[in-house]
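All of the numbers you see were taken from the coordinates with simple rules; none came from a lab. Only a predicted model underlies this, so the values are computations on that prediction, with no experimental measurement involved. Neighbour counts are summed over all protein chains in view; Cβ atoms, including those assigned to glycine, are modelled from backbone coordinates with ideal geometry.
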Amino acid sequence: MAGVLTATSAAVVPARVGAGLVVTTGVLDGVDGAVARRRGATSKHGALVDATADRITDALFLRALARAGARRSFVAAAAIGIGLLELQRALARRRRDPVTVVTPGERPFRVGYVALGLASSPSAGALAVAGTTLAGALALYGERRDR
């Protein structure tokens with residue numbers, strides 16, 4: 001939940017400060033998951049809470065980009081891309097299919113694109129998220145179709 005708080009802060013502070021908070025959010029998310037796995041404390045409920053927190057922080061990241069001046073159409077495309085990519089991942093998990101494709105639209109990359117966008121060009125950050133997540137969703141869909 002600390003990641004949600006830092007992402008919330010990133011959405012309301014100046015863009016350059018927000019970039020650092022976005023990176024902090026990504027680090028907290030990664031540490032949280034690693035600690036849970038290391039302790040053997042993973043559960044379906046924990047996975048649901050983590051996935052929910054990830055989607056909330058994704059939305060807050062896009063809000064930060066929009067607030068910093070990113071084109072609305074790029075932010076909307078990024079939101080659609082994130083939704084489609086995460087939907088493909090969820091469908092694969094539901095079918096118990098192993099997902100062997102790692103795309104540049106995955107969450108750690110998105111954190112980087114948003115942080116760089118906030119630090120330099122919000123529209124470029126939103127466009128990077130949009131392009132990579134849409135490409136990732138297509139790659140996962142294509143992998144499923146090949147089976």
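Side notes on the structure shown:
- Vicinal HN-Hα couplings computed from phi for segment 26-38 (Karplus, 6.51 cos²θ - 1.76 cosθ + 1.60; Hz; Gly/Pro x): x, 5, 4, 5, x, 5, 4, x, 5, 5, 4, 5, 4
- Each listed q (0.13 Å⁻¹) maps to a log10 I(q)/I(0) for segment 1-142, found by the Debye formula over equal Cα scatterers with no solvent: -0.54.
- With the charge dipole of the chain set up from +1 on Lys and Arg Cβ and -1 on Asp and Glu Cβ about the Cα centre, the Cα lying farthest toward the positive end among the listed residues 33, 111, 17 is that of 33.
- Mean residue ellipticity at 222 nm, helices only, the chain: -28000 deg cm²/dmol; runs of at least 4 DSSP H residues each add -39,500 (n - 2.57), and the sum is divided by the number of residues.
- Whole-number percent relative contact order across the chain, with pairs defined as alpha carbons under 8 Å at least 6 apart: 30
- Cα centroid of segment 80-147 to Cα centroid of segment 41-74, whole Å: 13
- Sorted on the mean count of surrounding Cβ atoms within 10 Å across their residues, most packed first, peptides 122-130, 13-21 read 122-130, 13-21.
- Rounded to the nearest 20, the Cβ-based charge dipole of the chain about its Cα centre (Lys and Arg +1, Asp and Glu -1) stands at 280 debye.
- Once both labels are positioned 7 Å from their Cα atoms along Cα-to-Cβ, the gap between residue 41 and residue 16 label points is 3.8 nm.
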